[in-house]
Structures are given as C-alpha cells and as structure tokens.
Amino acid sequence: MRRKICAIGNSRGVSLPPEILDKLHLGVGSDVEISLDERSRRIILEPAMPADAEGIDADFVGQVNDFIEQYRPALKKLAE
C-alpha cells in the first residue's frame, strides 16, 4: 500500500489506514514504537507495550483499548 508523507507542523507524517489500525487495536492516542533498520532501509512502527505489561494477555489489552475507544466520550465526562 503506497502512502505519501505529509507535513504536520514542523514534523512529517504518514496516515495509517483504519483497517490496519483496527487489526492492531490502535487508535488516536495509542502509543507506538518507531525504529529504523538502516541495513534494510525500513522504518518499523509497532504498538508500544507499557514497561509493566509483561505477562498481560494481548487480547485483553485489545479489548480494553476497544472499550476505551467505544466509550471515550462518556469516560471523558466522568473524568470531569
């Protein structure tokens, strides 16, 4: 899938298709790790795991992220 690099303030970015984000349980505000494999000239983007997430089931994390995305407006109101 080909994408164009766009300007975002002083930085540059690439939009990510929703179907890929959905499969990885990522959404607006999700943390990701970015690294560079210079030898193969590849940019690697992967979901970030919290430092204390060892041993936590990835499916459970996905369910929690889905819940947060679905109920984000209500959760924001509760936080106020």
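The values are calculated or read from the model by the stated rules, or taken from the named source; none is laboratory data. Quick caveat: nothing in here was measured; it's all calculated off a predicted structure. Backbone-built Cβ (ideal geometry, glycine too); neighbour counts: all protein chains shown.
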Original post:
For residue 12, are the conditions met, namely being in a strand (DSSP E or B), on the phi < 0 side of the Ramachandran plot and without any contact (Cβ under 8 Å) to a residue 24 or more places away in the chain?
Top reply: yes
Subject >> Residue under evaluation residue 28, criteria (1) of a type in the set (A, V, I, L, M); (2) in a loop (DSSP other than H, G, I, E, B); (3) surrounded by 10 or more Cβ atoms within 10 Å (Cβ to Cβ), criterion not met >> reply: (3)
**OP:** For the range 16-44, name all the residues that are farther than 18 Å from residue 61 by Cα and of a type in the set (A, V, I, L, M).
**Re:** 16, 34, 36, 43, 44
Original post:
Taking into account only those residues within the range 37-50 that are part of a loop (DSSP other than H, G, I, E, B) and modelled with pLDDT of 90 or more, which is farthest from residue 71 (Cα to Cα)?
Top reply: 39
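Per-residue answers, yes or no, for (1) of a type in the set (Gly, Ala, Ser); (2) at pLDDT 90 or above; (3) assigned to a helix (DSSP H, G or I):
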residue	(1), (2), (3)
1	no, no, no
35	yes, yes, no
52	no, no, no
56	no, no, no
62	yes, no, yes
66	no, no, yes
70	no, yes, yes
74	yes, yes, yes
78	no, yes, yes
**OP:** Pick out the one residue from 14, 28 that is of a type outside the set (Ser, Thr, Tyr) and closer than 23 Å to residue 67 by Cβ.
**Re:** 28
Subject >> Yes/no for residue 7 being modelled with pLDDT of 95 or more, out of contact with any Pro (no Cβ under 9 Å at 6 or more places or on another chain), on the phi < 0 side of the Ramachandran plot and surrounded by fewer than 12 Cβ atoms within 10 Å (Cβ to Cβ) >> reply: yes
